[in-house]
2 protein chains.
Amino acid sequence: MNISELARHLGVAVSTVSRVLSGNAEKYRISEQTAQRVRAAAEEHQVVPDPLGAGLRRGRPGMIGLLVPDITNPFFSTMARAIELRFRDTGIAVQLCDSAEDTETELLLLTRLLSRRLDGLILAPVGEVSDGLKEAISSAAMPIILLDRLLPGIDAPSVSLNNREAGKLAASHLLLAGHRRLGCLRGDPGAVSDRERIEGVEEALRENGLGSDHLLIAGEGYTREESIAGAEWLLSAPDRPGALISLSGQGVLGILEVSRRLDLSIPADLSLLAFDEQPWSALMQPPLTTMAQPIEKMAEKASALLSSCLADPESITAGDSAVFEATLCERESVARVASS
Amino acid sequence: MNISELARHLGVAVSTVSRVLSGNAEKYRISEQTAQRVRAAAEEHQVVPDPLGAGLRRGRPGMIGLLVPDITNPFFSTMARAIELRFRDTGIAVQLCDSAEDTETELLLLTRLLSRRLDGLILAPVGEVSDGLKEAISSAAMPIILLDRLLPGIDAPSVSLNNREAGKLAASHLLLAGHRRLGCLRGDPGAVSDRERIEGVEEALRENGLGSDHLLIAGEGYTREESIAGAEWLLSAPDRPGALISLSGQGVLGILEVSRRLDLSIPADLSLLAFDEQPWSALMQPPLTTMAQPIEKMAEKASALLSSCLADPESITAGDSAVFEATLCERESVARVASS
DNA sequence: TTGAAAGCGCTAACAT
DNA sequence: ATGTTAGCGCTTTCAA
């Protein structure tokens, strides 16, 4: 049953029912008596205004899009949950899309999402900027919030980590422990976030009077195979780094697998610091030292930014972007060594 | 720009544009020339039929709902990804909802999803059946596929694991290794899936001439705290089991944490077998013996069932439900002991 | 305080 | 092979 039928059933006008069920009874000064009657009948017959009709009329479907590179990554699934929860109360649904860390898929999905005339979009991009992506985002008819990995040259409100500082913090921790040769396993070589983290690492090295010849970088992607390949390269280098930083949450698994294969003991032979705190981080042997991101807070902030845009599209600009700080979780995968 | 404007722009009827852009050019014998012209113009002006209008007219929004208990659980996020991918090509979007393993939230979300008049719904329930849930599902106006945790008394097509057999397989493995006292850490005590797994365990015990006094069961939920509490109870029992089965993917983390705290070494002091293969399972110390579920295949099957329902609601009944088998991944967390 | 009616963008039945 | 048009369910302006 839809609201017109309900209206006929009650002998009132559709508009009255609409006003009551959309919570505008007060605004239109519907008599308390009528309102009650409508609500009761709606309850009884399980009548809810069809979002399709309402959306069409309003010009907004009451739905936002969420495009992430990998919902399987705890980082993004945690965000997805927080975002859905946050918008639930507003009566706004979340449409999920997963680009599988692939830029082409990402562009395809983004285009579709944009053509769906959603209320807005939270985009956690793969990280590489193409002309197509730039074009799509800048010509978008809906508010877009960038999440996690920013896109240089794209001017949109965003929520991200202070990657440079996080990288610096990580490297400093390793340097302070006496390490002098560092290795970084990154995810996507094109992603700014990883690049910024590496810049932070380099800055820490510099402050310790060390040049970039003390830093090895590898990694061509986020998959298990790519992580393993990168880790292999790092750990079989002639002058093997004594400490590794995994710049992505998944990368550390590759490092662990390879170090086991090469019979390198952590932290005796190799110190390890991994970005992203995971449920299993503390349960590894040894427990992993990690850089934790305030995932929920970031998701919350992204949701808040988008909410503001929905209320008033002009209220938020790229200037309102938020940057969060990572925190070091010291455990036992980093060993103190005599600095040579 | 919408299709009416485009039609005016081209000097053709809206219906023509509609027919071309909905891929029905052939069916309506639109001339190739006109079709080309429309397609080109649509491309140029980035015109896509508004799903809201189309959905309203068709009576279907071109969207399915996906309600999971915890998108943060790799089991469900992997499924979510597979499902979204599968429906992407059909042009059907996926609305994500997370019930946070809470039955009340679940019912609320389910009610909302049902009132959204979606094309269909894939429901991975928390596991407990309430009257409200039963009522909601049976009176639903859209096809619903149950995923993973079934609901007794609810007659809907479903995709699940052969939990009984999986439980039996797990227990047999432990018994064959010489263990005689087993412990199970379950998630939700109300969920059938866990109950069936436990039945399988009991069956294996029985076949080995052992009564249920050889089995300890604990666990009140899926959170870290609940897992730890359950593990603590199991491991501090007077006659502590020599082998534990984690019935949920997360539970094993609780067991690991508690066994470490109690200074129990795995597998020397305690054998461990965990349901669900995780990216980190093989990288634990020792590598974990697990029961792997064919997640992608299950997601694929659920999608296929729902697709069939969308094509013809009558084509699928509860009888078409699919049951998958788990496979044992033998690693090193189970020790062979002298059976007493 | 409530009702009538227009129209959101689209598709499909009907008309030509 | 294409055009005309009704109407999907709703909200909101205008009228009373």
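Nothing in this text is a laboratory measurement; each read-out follows from the coordinates by a stated rule. What you see is a predicted model, and the numbers here were worked out from it, not measured in a lab. Positions of Cβ are generated from backbone atoms using ideal geometry, with glycine treated the same way; all protein chains shown enter the neighbour counts.
At a 10 Å Cβ-Cβ cut-off, how would you order A:Ser303, A:Ser236, fewest neighbours first? Please list the in-between numbers first.
Details: A:Ser303 25, A:Ser236 10.
Fewest-to-most ranking of A:Ser303, A:Ser236: A:Ser236, A:Ser303.
Expressed as a rounded percentage, what relative contact order does chain A have, with Cα pairs under 8 Å and six or more residues apart? Please list the in-between numbers first.
Values: 644 pairs, mean separation 53.1, N = 340.
For chain A, the relative contact order is 16 percent.
Under 16 Å Cα to Cα from A:Lys27, which aspartates and glutamates show up? Leave out anything in the same chain fewer than 8 places away. Answer for A:Lys27, where 16 Å is the Cα cut-off: none of the aspartates and glutamates qualify. Its alpha carbons give the stretch B:163-293 an Rg and a Dmax of 13.0, 36 Å. Measuring between their Cα centroids, the stretch A:53-117 and the stretch B:48-105 lie 10 Å from each other.
Arranged from fewest to most other beta-carbon atoms within 10 Å of their beta carbon, B:Glu135, B:Glu232 become B:Glu135, B:Glu232. With its label point defined 7 Å out from Cα along the Cα-to-Cβ axis, A:Lys27 lies at 3.8 nm from the matching points of the other copies, in increasing order.
Once backbone amide H atoms are built at 1.01 Å from N, B:Val48 has no partners under 5 Å, excluding neighbours fewer than 5 places away on the same chain. Annotation for A:Val337, label-to-label distances across the other copies: 4.0 nm (shortest first, one decimal, point 7 Å from Cα along Cα→Cβ). Stretching the chain fully between B:Arg8 and B:Arg39 yields a gain of 9.7 nm (0.36 nm per residue, less the alpha carbon separation).
For the stretch A:222-287, the convex hull drawn through the C-alpha positions has a volume of 74 cubic angstrom per residue.
Based on C-alpha pairs under 8 angstrom that are at least 6 apart in sequence, the stretch B:3-49 has a relative contact order of 39 percent. Sorted from closest to farthest, the other copies place their A:Arg57 label points 2.0 nm away, with each point set 7 Å from Cα along Cα→Cβ. Find which of B:Val337, B:Gly242, B:Ser4 sits farthest along the positive direction of the dipole of chain B, computed with +1 on the beta-carbon of Lys and Arg, -1 on that of Asp and Glu, about the Cα centre. Comparing the listed Cα positions along the dipole, B:Ser4 ranks first. Kirkwood hydrodynamic radius computed over the stretch B:3-49 comes to 10.1 Å, based on all pairs of distinct alpha carbons.
Based on Cα contacts under 8 Å between residues 6+ apart, the stretch B:63-129 shows a relative contact order of 52 percent. Restricting the calculation to Cα atoms, chain A yields a radius of gyration followed by a Dmax of 25.2, 89 Å.
Local charge for B:Glu314 was computed over the other residues whose Cβ lies under 15 Å away, with Lys and Arg +1 and Asp and Glu -1, and equals -3. Note that the stretch B:236-247 has calculated 3J(HN,Hα) couplings of 10, 5, x, 9, 4, x, x, 9, 10, 10, 8, 7 Hz, one per residue in order, obtained from phi through the Karplus relation 6.51 cos²θ - 1.76 cosθ + 1.60 (θ = phi - 60°); glycine and proline are x.
Summarising the label geometry, the points placed 7 Å from Cα in the beta-carbon direction at B:Ala338 and A:Arg180 lie 5.4 nm from one another. The charge dipole of the stretch A:163-293, taken about its Cα centre with unit charges on the Cβ of Lys, Arg, Asp and Glu (plus for the first two, minus for the last two), comes to roughly 240 debye.
Under a Cβ-Cβ cut-off of 14 Å, what is the net charge of the residues other than B:Ala25 that fall near it, where Lys and Arg count +1 and Asp and Glu count -1?
Values: positive: B:Arg19, B:Lys27, B:Arg29, B:Arg37, B:Arg39; negative: B:Glu26, B:Glu32.
With Lys, Arg at +1 and Asp, Glu at -1, the neighbours total +3.
Note on the stretch A:155-178 and the stretch B:268-340: Cα centroid distance 38 Å, given to the nearest whole angstrom. Placing unit charges on the Cβ atoms only, positive for Lys and Arg and negative for Asp and Glu, gives the stretch A:17-89 a dipole magnitude near 320 debye about its Cα centre.
Gain on full extension, evaluated as 0.36 nm per residue between B:Ser22 and B:Ala311 minus their Cα-Cα distance, stands at 102.3 nm.
Scaled against the 2.2 N^0.38 Å expected of a compact globular protein of N residues, the Cα radius of gyration of the stretch B:106-150 reads 1.03. Calculated translational diffusion coefficient of the stretch B:83-219 (25 °C, 0.890 mPa s; Stokes-Einstein with Kirkwood radius over alpha-carbon pairs) equals 146 µm²/s. Sorting the Cα pairs of the protein assembly as shown by distance into bins of 10 Å, from 0 upward, gives 3, 14, 22, 23, 20, 12, 6, 2, 0 percent per bin. As a rough footprinting exposure proxy, the listed residues A:Val129, B:Val323 were ranked by other beta carbons within 10 Å of their own, and the order from fewest upward is B:Val323, A:Val129.
Can you give the direction-averaged projected area of the convex hull of the alpha-carbon atoms in the stretch A:1-160, in nm²?
On the way: hull surface 44.0 nm².
About 11.0 nm², averaged over all directions.
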